[in-house]
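Some notes on the structure that comes next.
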Amino acid sequence: MKTAYIDMIGGASGDMLLGALINVGLSIDDLRSELALMDIGGYTLRSEQVSRGALNCTLLHVDLDEEGQRRRGWDKLSGTIESSRLPEEVRIKSIEVLDRLTDAESVVHGVDRHHLTPHELGTVDTLVDIVGVIAGFRLLGIEQISAGPFPAGTGFVMSDHGRIPGIAPATAQIYAAANAPIRSATPWGPKGETVTPSGASLVTSIASFDQTEISVSKIGYGAGSRNPDDYPNALGLWTGETKTSAGLSGDGLLTGGLSLLETNIDDMGGEGFGYVQERLIEAGALDVWMTPIQMKKNRPAVLLSVLVKENDADQAAMVILRETSTLGVRRRAIERYTADR
């Protein structure tokens, strides 16, 4: 399984993740083509090779014109993604990242997401960062992503609301909601704001923080805009293949990193299940099957089961909740044996 590991050396932001993806092999022309499926303007992409400490990195620039600098609220940002021609898996995951970011801002400011003022969300740059990163991992064929702990920022920075801690309130809220691990600050570590809210939303949405064994084939680095003297302001991205362990019989391989989603449905016709199955496969499901069951009072029903990679479980669950009549989905981690072919 093609796997990536995110090493947040000096921090994490959408630009740093995009720079690392390009540094490890993503074509910027392919990225431009994918982003063009959103039918938005107001920006141009360019990259340059820079040094951060002793690391050779890619620094990605998202240059905005007057239209691109116009602030957009949650409805406008999500509507742009929903109405785009992006692949469904990219749309679903991008909306998930945006929702995580917006939920954090809502908690911090104490208002519903629909009432957030535009400056509390972002510009076209926000869309480019979120959609670009999700699309970039897809274009590289990455199936599983893990990450190390977030570096804690120190000191204070200025924001539209005044002086705030190095870990911005929205970023801290995202950490708490995702139960994300934090690397404690040290005198020689990163200073100021190291992780942006969009960077935190992206990493916590696409990556797990479990230990992963990976046979590394490529390493790339994305640069942050600042270039301090005392630490490399960079994000590392390692790509390779996940190591698997031999099965008990010696004839197969035991693989983890999978989730089984299940729900009982008693009020849908057969055509509806066929449609849902197609949408789930498009969203990354490895297998989808239906089992006839009996519920209370002997009502006939269908058990819908979906086998999916852990990183795709959220978007598959969203498809089930959106396209079926169910009100809930069960999820559990599983392992399976696969033949060594």
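Among the listed residues Gly166, Gly189, Gly199, which satisfies the condition of being at pLDDT 95 or above and either under 20 Å from the mean Cα position of the chain (by Cα) or not acidic (Asp, Glu) (or both)?
Among Gly166, Gly189, Gly199, only Gly199 is at pLDDT 95 or above and either under 20 Å from the mean Cα position of the chain (by Cα) or not acidic (Asp, Glu) (or both).
Of the numbered conditions (1) among the charged types (D, E, K, R); (2) surrounded by 13 or more Cβ atoms within 10 Å (Cβ to Cβ); (3) out of contact with any helix residue (DSSP H, G or I) (no Cβ under 9 Å at 6 or more places or on another chain), Arg279 fails exactly one; give the number of that condition.
Going through the list (1) among the charged types (D, E, K, R); (2) surrounded by 13 or more Cβ atoms within 10 Å (Cβ to Cβ); (3) out of contact with any helix residue (DSSP H, G or I) (no Cβ under 9 Å at 6 or more places or on another chain), Arg279 breaks only (3).
Just one of (1) farther than 26 Å from Val319 by Cβ; (2) assigned to a helix (DSSP H, G or I); (3) β-branched (Val, Ile, Thr) trips up Thr102, so point out which.
For Thr102, the failing item is (1).
Taking into account only those residues within region 211-229 that are within 22 Å of Thr171 (Cβ to Cβ) and of a type outside the set (Ser, Thr, Tyr), which is surrounded by the most Cβ atoms within 10 Å (Cβ to Cβ)?
That would be Gly222.
Being modelled with pLDDT of 95 or more and within 30 Å of Thr326 (Cβ to Cβ) is the requirement here; does Leu235 meet it? First the steps, then the outcome.
Working: modelled with pLDDT of 95 or more: yes; within 30 Å of Thr326 (Cβ to Cβ): no.
No.
State which residue is surrounded by the most Cβ atoms within 10 Å (Cβ to Cβ) when the search covers only region 8-65 and only residues that are closer than 16 Å to Lys218 by Cβ and out of contact with any strand residue (DSSP E or B) (no Cβ under 8 Å at 6 or more places or on another chain).
So the residue we want is Leu26.
The values are calculated or read from the model by the stated rules, or taken from the named source; none is laboratory data. Remember, predicted model here, so these are calculated numbers, not experimental data. All Cβ positions, even for glycine, are placed from backbone atoms using ideal geometry, and neighbour counts span all protein chains on display.
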